[in-house]
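Student: Below is a structure I'd like to ask you about.
The values are calculated or read from the model by the stated rules, or taken from the named source; none is laboratory data. Given the structure is predicted, the values throughout are model-derived calculations rather than measurements. Glycine also receives a Cβ, built like all others from the backbone with ideal geometry; neighbour counts cover every protein chain displayed. Protein only, heavy atoms only, side chains kept; ligands, DNA and RNA dropped before computing areas. Shrake-Rupley method; radii C 1.70, N 1.55, O 1.52, S 1.80 Å.
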Amino acid sequence: MSGTVLLGALLLVAGCGADLGKENFARTTIPAASGDGVPTGEITDKAVSADALRAIDTCKLIDKTALADLGTASEPRMSDPSNCRNDVKDVGGKKIDISLELGTAILQASNPQGVVAGLPQVLRPGKDGAPECALGAVTSKQLGIGITVNVTYPGGDACKTATALMEKVVKRLRDANPPKYALAKGSLVAADPCVSVDDAVIKELAPAANKVIVDLHHCTWSGSGQRLTIEYDNDGIAPSEGRGYVKADVPGVTAFQKPETGMAKCSVRWTHLPLEGDRVELVTVGFQNDHSKDPVADGSCAKAVKAAKTVVPKLPKP
């Protein structure tokens, strides 16, 4: 799964054109607000919960129809199930680049600066007048995640555009029938990787680790230089022997492991569900020890395999 960006260390990419700030979108009142209007307490809006966002077809939120009022939009490009990009040529011919992520980590989720679409907001304009803006709407303070819109708009108001686009996205998510993926039975897209590993194994392999949600399909337990990762990819390439991969003993699946040279890191991966052509839904379990340079001496592959064995029984059944 690639393309994940964290707000606060955010890669500002996208943008849109027309004056969306003139549009009005319905707002949803969420728990009590502070004196400056920022909602306090945990977000309870089910339409933007992690489970709800995981099932959303992100690209349909910024497809040609959704962006028609901005100008002429291209076909959206998916990076992973919760990350999509598009670009628009506005009426003046200026290009607007847009990136939308659902359920990505927001580093300053606990310190919002305002409200957007009824949700706590974290805003990052481009530095030194750069025509960029990153806007995050916090959907869970507890998990530290939210919806992010990145806009690059030379010749336009990137933050005003990002704000209005966020309002429009959240409004559509709150509709009775938001756009969802048509999932094959047993698909990983709707599954939560953060509940796929036994707690006892996490404590054994990385005892000082804290859970970090990178995005809705990528979970990490990290601490004291040890890192365990679980990632679900909905558009991967089937692993096989070669290029450093060898078979791994993980009952129930045909898994392959690959130690990384120069660091004590090992990845174990396997096909969960075949898709079109050579594309597959892919599970990757990784372990890394920053205090060692030798994955063999450290036993990184054995640790990744041990974690993988607890993941397989918890995966959705095809």
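Student: With the requirement that a residue be surrounded by fewer than 23 Cβ atoms within 10 Å (Cβ to Cβ) and closer than 16 Å to LEU282 by Cβ, what does region 258-269 give you?
Tutor: If the condition is that a residue be surrounded by fewer than 23 Cβ atoms within 10 Å (Cβ to Cβ) and closer than 16 Å to LEU282 by Cβ, then LYS258 is the only one that fits.
Student: Specify which of the listed residues (ASP87, ASP63, ASP97) is out of contact with any helix residue (DSSP H, G or I) (no Cβ under 8 Å at 6 or more places or on another chain) and within 30 Å of GLY186 (Cα to Cα).
Tutor: ASP63
This table checks each residue for (1) open to solvent by less than 30 Å² (accessible area, probe 1.4 Å); (2) modelled with pLDDT of 95 or more; (3) among the charged types (D, E, K, R).
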position: VAL116; (1), (2), (3): yes, yes, no
position: CYS133; (1), (2), (3): yes, yes, no
position: ALA137; (1), (2), (3): yes, yes, no
position: LYS141; (1), (2), (3): no, no, yes
position: THR148; (1), (2), (3): yes, yes, no
position: MET166; (1), (2), (3): yes, yes, no
position: ARG172; (1), (2), (3): no, yes, yes
position: PRO179; (1), (2), (3): yes, yes, no
position: ALA184; (1), (2), (3): no, no, no
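Here's the yes/no breakdown for (1) within 26 Å of the chain's Cα centre (by Cα); (2) of a type in the set (Ser, Thr, Tyr); (3) more than 18 Å from ALA209 (Cβ to Cβ):
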site: GLY236; (1), (2), (3): yes, no, yes
site: SER240; (1), (2), (3): no, yes, yes
site: ARG243; (1), (2), (3): no, no, yes
site: THR254; (1), (2), (3): no, yes, yes
site: PRO259; (1), (2), (3): yes, no, yes
site: GLY262; (1), (2), (3): no, no, yes
site: CYS266; (1), (2), (3): yes, no, no
site: GLU281; (1), (2), (3): yes, no, yes
site: LYS293; (1), (2), (3): no, no, yes
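Student: Are there any pairs with C-beta distances below 6 angstrom linking a residue in region 76-88 that is over 10 Å from SER99 (Cα atoms) to a residue that is outside any loop (DSSP other than H, G, I, E, B) and modelled with pLDDT under 90, with the two at least 6 apart or on different chains, and if so which?
Tutor: The qualifying pairs are PRO81/ASN234.
Student: Looking at region 207-228, is at least one residue part of a helix (DSSP H, G or I), of a type in the set (A, V, I, L, M) and out of contact with any Gly (no Cβ under 8 Å at 6 or more places or on another chain)?
Tutor: no
Student: Hey, another quick one. MET1 versus (1) touching a Lys or Arg at 6+ places or on another chain (Cβ under 9 Å); (2) at pLDDT below 95; (3) open to solvent by less than 50 Å² (accessible area, probe 1.4 Å); (4) farther than 18 Å from ARG174 by Cα: which is the lone unmet condition?
Tutor: (1)
Student: I would also like to ask the following. Do we find a residue being open to solvent by 10 Å² or more (accessible area, probe 1.4 Å), in contact with a Ser or Thr (Cβ under 8 Å, 6 or more places away or on another chain) and assigned to a loop (DSSP other than H, G, I, E, B) anywhere in region 87-105?
Tutor: No, because not a single residue in region 87-105 is open to solvent by 10 Å² or more (accessible area, probe 1.4 Å), in contact with a Ser or Thr (Cβ under 8 Å, 6 or more places away or on another chain) and assigned to a loop (DSSP other than H, G, I, E, B).
Conditions tested, residue by residue: (1) of a type in the set (A, V, I, L, M); (2) farther than 17 Å from LEU188 by Cα.
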position: PHE256; (1), (2): no, yes
position: HIS272; (1), (2): no, no
position: LEU275; (1), (2): yes, no
position: GLU281; (1), (2): no, no
position: GLY299; (1), (2): no, yes
position: THR310; (1), (2): no, no
position: LYS314; (1), (2): no, no
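Student: Tally up the residues in region 71-86 that are of a type outside the set (A, V, I, L, M, F, W, C), open to solvent by 10 Å² or more (accessible area, probe 1.4 Å) and either in a loop (DSSP other than H, G, I, E, B) or at pLDDT 95 or above (or both), please.
Tutor: Of the residues in that region, 7 qualify.
Student: Taking region 201-257 as the search range and keeping residues that are open to solvent by 40 Å² or more (accessible area, probe 1.4 Å) and of a type in the set (Asp, Glu), which one is farthest from LEU275 (Cα to Cα)?
Tutor: Here the residue is GLU204.
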